[in-house]
Amino acid sequence: MLLAVPNFSEGRDEATLSAIGAAFGPGLIHASADADHHRAVYTVEGEPGALAEKVLAAARVAVERIDLTRHEGAHPRVGAVDVAPIVHLTAAERGSASAEALILADRLGHELELPVFLYGVLAGGRTRAELRSGGPEELQRRIDAGELAPDAGPRRLHPTAGAALVAARPPLAAFNVIVDASLEEAKAIAATIRQELPGVRALGLYLERAGIVQVSTNIEDLSATTPADVVAAVRRHATVAAAELVAPAPRAAFESFPPEIPLHGAPLLG
């Protein structure tokens, strides 16, 4: 069994969020959406050979309903179907996950006419941040300049749905830390922990609707850095009020998590 954790650039329209969720069919195990990030994250399970079809069905709804040209949100993005990783829970499933990700990339490109870029191990370690830097306009400029070429699909971004990023990867923790700090302080904390903690991507954000400041992280190497390590690093600079798990993550990664910090959001796996 593999997981897919596609992220869509929609966090406010309940009808669109429901339609995307319904399109996955059986196997959807978690969904979360945030209006400030203007982003939704779904976790769906499926057998190799069938999981790409589930993601494609949901992506088709997203392309029909999301207009990236009218999108404003705190989270960086280049597409309506912004990222669509296939996740292997064991090393033995790595090959199946890679094959499923390549099938998904090809189908998103040819059936939905999205320029698709691979990242992670399927692209020599290229990161999402490298591809999203500057947003859709910068991505198109780099394509036109010959600096980048899509791994599948056309060379022009979809007029309303942009591009899609696809990978095969082990589980990570999409983990947000709510802090008692200013936005400037949160940005400085994020920059510091990016340098201090291996395998961590971090941004400092102010969520206007929620009225909170957070250090938003992806812990991409849970064998090197745990959520407890992130909390400890943030605590050296600001008071931590709570934490949020955006999508399911391995329970083992949270064994040392400080019990006094409220942890909200997605369930733990295993």
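What's the extension gain from Ala57 to Arg209 if we count 0.36 nm per residue and subtract their Cα-Cα distance? Don't skip to the end; give the middle numbers.
Working: separation 152, 0.36 × 152 = 54.72 nm, distance 3.07 nm.
That pair, Ala57 and Arg209, stretches by 51.7 nm at full extension.
Between Asp67 and Asp106, what length in nm is gained on full extension when 0.36 nm per residue of separation is reduced by their alpha carbon distance? Intermediate results must be reported in sequence, preceding the final value.
Working: separation 39, 0.36 × 39 = 14.04 nm, distance 2.22 nm.
Using 0.36 nm per residue and subtracting the Cα-Cα distance, I get 11.8 nm.
May I ask you to list the GluC sites (Glu not before Pro) in segment 1-77 that are in a DSSP loop and have at most 10 other Cβ atoms within 10 Å of their Cβ?
On the way: sites: Glu10, Glu14, Glu45, Glu53, Glu64, Glu72; in loops: Glu10, Glu72.
Of the GluC sites (Glu not before Pro), the ones in loops of segment 1-77 whose Cβ has at most 10 other Cβ atoms within 10 Å are Glu72.
Out of His237, Leu51, Thr192, whose Cα points farthest toward the positive end of the dipole of the chain (charges: +1 Lys, Arg; -1 Asp, Glu; placed on Cβ)?
Positive-most Cα among the choices belongs to Thr192.
With +1 on the Cβ of every Lys and Arg and -1 on the Cβ of every Asp and Glu, and nothing else charged, how large is the dipole of the chain about its Cα centre, in debye rounded to the nearest 20?
Numbers: 24 positive and 34 negative charges, 57 e Å.
Dipole of the chain, to the nearest 20 debye: 280 debye.
Any idea what the dipole of segment 38-101 comes to, in debye rounded to 20, about its Cα centre with Lys/Arg Cβ at +1 and Asp/Glu Cβ at -1?
Numbers: 7 positive and 9 negative charges, 42 e Å.
With Lys and Arg at +1 and Asp and Glu at -1, about 200 debye.
Set Lys and Arg Cβ to +1 and Asp and Glu Cβ to -1, take the dipole of segment 11-162 about its Cα centre, and tell me which of Ala92, Ala161, Val63 lies farthest positive.
Projecting each Cα onto the dipole axis, the largest value belongs to Ala161.
DSSP H helices in the chain with Cα extent of 24 Å or more along the helix axis and mean Kyte-Doolittle hydropathy at least -0.5? Display every interim value, and only then the final one.
On the way: long enough: 94-111 (25 Å, -0.11).
Sorted by number, the helices that extend far enough and score high enough are 94-111.
Mind jotting down the distance between the C-alpha centroids of segment 55-116 and segment 178-214, whole Å?
First find each Cα centre; the distance between them is then 26 Å.
Quickly estimate the mean residue ellipticity at 222 nm for the chain, helices only: each DSSP H run with n ≥ 4 gives -39500 (n - 2.57), and the total goes over all residues, rounded to 500. Please report the intermediate quantities before stating the final value.
Values: 7 runs with 82 residues, N = 270.
Value at 222 nm, helices only, nearest 500: -9500 deg cm²/dmol.
Which GluC sites (Glu not before Pro) in segment 186-244 sit in a loop by DSSP (not H, G, I, E or B) and have at most 12 other Cβ atoms within 10 Å of their own Cβ? Provide the component values of the computation, followed by the final result.
Numbers: sites: Glu196, Glu208, Glu220, Glu244; in loops: Glu208, Glu220.
Those satisfying the criteria are Glu208.
If r is the Cβ-Cβ distance from Arg251 to Thr160 and R0 is 30 Å, what FRET efficiency results, to the nearest 0.05?
It comes to 0.15.
Return the percentage of antiparallel bridges among DSSP beta bridges fully within segment 11-168, rounded to the nearest 5 %. Intermediate results must be reported in sequence, preceding the final value.
Numbers: 10 of 17 bridges.
DSSP beta bridges in segment 11-168 are roughly 60 percent antiparallel.
Just to verify a number: what accessible area does Leu28 come out at with the full protein assembly present, 1.4 Å probe, Å² rounded to tens?
Counting only protein heavy atoms, the figure is 60 Å².
The values are calculated or read from the model by the stated rules, or taken from the named source; none is laboratory data. Values in this document were obtained by computation on a predicted structure and should not be read as measured data. When we count neighbours, we look across all protein chains shown, and the Cβ atoms used for this are built from the backbone with ideal geometry, even at glycine. Just the protein is used for accessible areas: all its heavy atoms, side chains included, with ligands, DNA and RNA removed. Shrake-Rupley method; radii C 1.70, N 1.55, O 1.52, S 1.80 Å.
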